[in-house]
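The values are calculated or read from the model by the stated rules, or taken from the named source; none is laboratory data. This structure is a prediction, so every number in the text was calculated from the model and none was measured. Virtual Cβ from ideal backbone geometry, glycine too; neighbours counted across all protein chains shown. For accessibility, only protein heavy atoms count, side chains too; no ligands or nucleic acids. Shrake-Rupley method; radii C 1.70, N 1.55, O 1.52, S 1.80 Å.
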Amino acid sequence: MSRSLRAAREKDAGSSRSEQGPAIDFAKPAFLGFGLGLRSEHYSEIFEHNPPVDWFEVLSENFMVPGGSPLRNLDRVRLDYPVVMHGVSLSIASTGELNWDYLRDLKSLAVRLEPAWISDHLCWTGVHDVNLHDLLPIPYTEEALRHISSRIHQVQDYLGRALVLENVSTYVEFSESEMPEWEFLAELSRSTGCWLLLDLNNVYVNARNHGYDAVRFLDGVPADRVVQFHLAGHSDMGDYLIDTHDHPVCEEVFELYRMALHRFGPVSTMIERDDKIPPLRELVAELDRARRIAGDLLPARPLPGAQDRQDGNIGSV
Amino acid sequence: MSRLAQLQQLFQDRILSGTPGCDEVILLLSDSAPAPVVERLGVYTNAYKARLIEIVANDHENLRAYMGEQLFDRMASEYVESHPSTTPNARWYSARLPLFLARTDPYRSWPQMAEIACLAAALNDAFDCEDAGVMRLEDLAAVKPEDWAELRFKPHPSVSCFETRTNALAIWKAVKSNNDVPAPEIRRQPLPVIVWRQELTPMVRHFDAEEAMLWKEGSRGIPFGTLCEMSATFDRPHEAAARVASYLAGWLNAGMLAE
């Protein structure tokens, strides 16, 4: 164990672990229904109108601050809604050191929020203590698989729970990749017990950018490992797409969502918008479309709706 | 170094340098996709700088309005080039901007810019700093008269107090409220500024010289009685206690003192 890892663990008085090692919760998270990304632009509408959203995804780093309004608002949202935490800086695929200060803050936020799960991206954000604040691509090699698996184990040990990892949009592929992205994801999930957040827009973007069929991607991901879908918009640059999250979800991605529902069944679904953020009601309407699509396709398995949330029936599928 | 480490090093160097054209990284990438690989790699290199400039601009929107977008973006671009981010949280990326402005040509010839950046940074820090209970005027009602001289105070964690040598605060306020912006001035005497969070709102105002001196001494645990003596040497001695009491009431009402 590295000195920094040991130090982080020693600081971590709150966790319980047995002689055999840390206790990790590998249980599959329950279906949460239909959620939105929590954005500060929508606070007043959320507080005043208690909108029909089953849960919110919060950007972890936005709340990894000492105090003040951000945490006050978040606590208020948490009183009324389940949340999941979604980070961008775990850098799980980096060959740099794991950042234990970051992990300590992440864990402390998780203690405060009790999120249904903690997700980040299958990517790296920098090496040598630099953070490029981007979700950077990896080669899909056996070497990368071993390296990332070992880091996931360390993070899961420390957090005491299975991680959820998201497939990212990529604009380049490494010639030395030995397997397709979906196979890499599948293997990583199988070998570490981490769950998958399938961003269907990213699947669509990558299929277009790298010239393959998005359905092959879906078919390559194990049906029982996916616990969340992201739906989002992108920008079309002609020969390639950029994952900008500043547009409504396009028809092609909704179509992919239908196919994903067939394959994966009821999976917690959310709309992710990070730029040109519209009024909350527009996102709720877009989310309702996803809810209707899922309701039509999965009639035998009633999905919880806004009413259920108010009745406290979340998670009963 | 593992192959993966090597590849990440090359990729990162490419993003940080932003160099276009054919290079070692390009040779590692598959060129089977429809768009040219240089163009697709450009998505990462272009996004890197644009994203960090945007972070700096969001943290310093009044400075941007004051400098003008063109000059600000050029300055921010230089900051990004000379300051690779080392924080996992973008919230603290622009923390070194005041120092950069104070030390770098041509910006250091306009000292109000570094001071405006310093104000914005202090306000941003006050916004999300740790929470703490606030001492109220009522809390002092129970203090017996004989105990007042030994009364000590603790600043709220959101408070930062620093000196400005220009009229940065006046400029900042004018820009923020869209009023006519005063010409920059260098002062003979430094002007103390205090930034704090009242309830959930970051606040800023000037201290006069006496108030700043008392705040500084009170913050480091000097008791009320000694503060009154110090005040008496500063200005009209017979009014000193009343002045200190009045400053104290102001600090309490504004929520600058912790429980």
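Here is a list of conditions, (1) open to solvent by 20 Å² or more (accessible area, probe 1.4 Å); (2) farther than 20 Å from B:Gly255 by Cβ, and B:Val143 meets all of them except one; can you say which number that is?
If we test B:Val143 against (1) open to solvent by 20 Å² or more (accessible area, probe 1.4 Å); (2) farther than 20 Å from B:Gly255 by Cβ, just (2) comes out false.
When only residues in segment A:151-187 that are aliphatic (A, V, I, L, M) and under 15 Å from the mean Cα position of the chain (by Cα) count, which is nearest to A:Leu136 (Cα to Cα)?
Restricting to residues being aliphatic (A, V, I, L, M) and under 15 Å from the mean Cα position of the chain (by Cα), the top hit is A:Val168.
Mind telling me which of the residues A:His230, A:His245 ends up being on the phi > 0 side of the Ramachandran plot and crowded, with 17+ Cβ neighbours inside 10 Å?
A:His245
What do you reckon, is B:Glu54 within 18 Å of A:Asp243 (Cα to Cα), open to solvent by 10 Å² or more (accessible area, probe 1.4 Å) and modelled with pLDDT under 95?
Details: within 18 Å of A:Asp243 (Cα to Cα): yes; open to solvent by 10 Å² or more (accessible area, probe 1.4 Å): yes; modelled with pLDDT under 95: no.
It is false that B:Glu54 is within 18 Å of A:Asp243 (Cα to Cα), open to solvent by 10 Å² or more (accessible area, probe 1.4 Å) and modelled with pLDDT under 95.
Please work out which residue is nearest to A:Arg273 (Cα to Cα), limiting yourself to segment A:213-241 and to residues that are within 14 Å of chain B (Cβ to nearest Cβ) and out of contact with any helix residue (DSSP H, G or I) (no Cβ under 7 Å at 6 or more places or on another chain).
Only one residue fits best here, namely A:Ser235.
For A:Val203, only one of the following conditions fails: (1) farther than 30 Å from A:Ala23 by Cα; (2) more than 19 Å from the chain's Cα centre (by Cα). What is its number?
Result: A:Val203 passes all but (2).
So which residues in segment A:170-198 are open to solvent by 10 Å² or more (accessible area, probe 1.4 Å) and touching a strand residue (DSSP E or B) at 6+ places or on another chain (Cβ under 8 Å)?
Hits for segment A:170-198 are A:Tyr171, A:Glu173, A:Ser175, A:Trp195.
One residue is enough: does segment A:100-111 have a residue meeting the conditions assigned to a loop (DSSP other than H, G, I, E, B) and either away from chain B (no Cβ under 14 Å) or surrounded by 21 or more Cβ atoms within 10 Å (Cβ to Cβ) (or both)?
The answer is no, given that none of the residues of segment A:100-111 is assigned to a loop (DSSP other than H, G, I, E, B) and either away from chain B (no Cβ under 14 Å) or surrounded by 21 or more Cβ atoms within 10 Å (Cβ to Cβ) (or both).
Please count how many residues of segment B:15-44 are buried (at least 20 other Cβ atoms within 10 Å of the Cβ), more than 7 Å from chain A (Cβ to nearest Cβ) and closer than 26 Å to A:Glu61 by Cα.
Total satisfying the criteria: 0.
In segment A:132-142, is there at least one residue being charged (D, E, K, R) and either within 13 Å of chain B (Cβ to nearest Cβ) or over 14 Å from A:Gly87 (Cα atoms) (or both)?
The answer is yes; a qualifying residue exists.
Within segment A:64-114, can you find the residues that are of a type in the set (D, E, K, R) and on the phi > 0 side of the Ramachandran plot?
Scanning segment A:64-114 gives a single hit, A:Glu114.
Could you identify the single residue in B:Tyr93, B:Tyr48, B:Tyr66 that is surrounded by 15 or more Cβ atoms within 10 Å (Cβ to Cβ), in contact (Cβ under 8 Å) with a residue 60 or more places away in the chain, aromatic (Phe, Trp, Tyr) and out of contact with any strand residue (DSSP E or B) (no Cβ under 9 Å at 6 or more places or on another chain)?
B:Tyr66
If you scan segment B:164-204, which residues turn out to be within 25 Å of B:Asp131 (Cα to Cα) and more than 14 Å from chain A (Cβ to nearest Cβ)?
The answer is B:Pro192, B:Val193, B:Ile194, B:Val204.
Would you check if there is a residue in segment B:218-231 being under 30 Å from A:Arg72 (Cα atoms), in a helix (DSSP H, G or I), in the same structural domain as B:Leu137 (by TED's automatic domain parsing) and in contact (Cβ under 8 Å) with a residue 40 or more places away in the chain?
Looking for residues that are under 30 Å from A:Arg72 (Cα atoms), in a helix (DSSP H, G or I), in the same structural domain as B:Leu137 (by TED's automatic domain parsing) and in contact (Cβ under 8 Å) with a residue 40 or more places away in the chain, one finds at least one in segment B:218-231, hence yes.
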